[in-house]
1. Label-point separation (nm) for R144 and F108, each offset 7 Å from Cα along Cα-to-Cβ?
2. Name the residue from T171, H140, V123 whose Cα lies farthest towards the positive end of the charge dipole of segment 119-174, charges +1 on Cβ of Lys and Arg and -1 on Cβ of Asp and Glu.
3. Can you give me the % of accessible surface on segment 1-117 that is carbon or sulfur? Probe 1.4 Å, all protein chains present, nothing else counted.
4. How many nm separate the modelled label positions at L19 and C163, each set 7 Å beyond the Cα in the direction of the Cβ?
5. Show that you can apply the helix-only estimate: for the chain, add -39,500 (n - 2.57) for every DSSP H stretch of four or more residues, divide by all residues, and state [θ] at 222 nm to the nearest 500.
6. Can you give the Kirkwood hydrodynamic radius of segment 144-202 from its Cα pairs, in Å with one decimal?
7. Can you give me the relative contact order of the chain as a percent, contacts being Cα pairs under 8 Å and 6 or more apart?
8. If you roll a 1.4 Å probe over the heavy atoms of the protein chains, what accessible area per residue do you get for segment 48-202, in Å²?
Amino acid sequence: MLVRHGESEAYVAGRFFPLTDGHGDPPLSPEGREQAQRVSARLGVDGIDAIYVTSLRRTEQTAAPLAERLGLSPQVEAGLREVYLGEWEGGVYRQRVADNHPIAQQMFAEERWEVIPGAEPAVAFADRVRAAIERLAVRHPGERVAAFTHGGVIGQALAFATCSRPFAFVTADNASISRIVVTGDRWIVRGFNDTAHLDGLG
């Protein structure tokens, strides 16, 4: 299953998030930490065999309560980190989208990240997401894996599984759960953007 990280701290114009491997790396907000607890309560009874996070701390912080509950040590799968946003890293992307910047409009119209200056090409992003998920499937045949990751990654994975448009599933909510089954070359969708565990929050 693919779990989007909880809500991260808000971007304040001119105050860039710290970078990890070039990617904006904000911590969770208080709301995000509560969401992480809700995810733990929801998945703590699902028979999870392994937990993966990315190299960005918002995924590690979201996974931490579940890892503690189950006594599992999260492993890092860097291939599931968020799409690289080039000159819009560090929180700038959020501001540009909120401002309906012309390049943001073009990005959504064409469904291509690389219209952002310096951003990761769509093909390269798609290839690394596919490879990362296939690695997890090979490592854990017949097991349940919780991969704490990012909205762009979840969107890409679901696009693969459904042969849909690139951005058809980029709307996963914070702390949502999406489920796919990978068996050989077959990717089967079992659920998208499940947020029932967040009911009444906020």
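1. Placing both labels 7 Å beyond Cα along the Cβ direction yields 3.6 nm.
2. Projecting each Cα onto the dipole axis, the largest value belongs to H140.
3. Summing carbon and sulfur atoms, their accessible area is 47 percent of the total for segment 1-117.
4. Using points 7 Å along Cα→Cβ, the separation is 4.0 nm.
5. Per the formula, -11500 deg cm²/dmol.
6. Roughly 12.1 Å, rounded to one decimal.
7. The value is 27 percent.
8. In whole numbers, segment 48-202 has 47 Å² accessible per residue.
The values are calculated or read from the model by the stated rules, or taken from the named source; none is laboratory data. Given the structure is predicted, the values throughout are model-derived calculations rather than measurements. Cβ atoms come from the backbone with ideal geometry, glycine included; neighbour counts cover every protein chain shown. We work out accessible area using only protein heavy atoms, side chains counted, and drop any ligands, DNA or RNA first. Shrake-Rupley method; radii C 1.70, N 1.55, O 1.52, S 1.80 Å.
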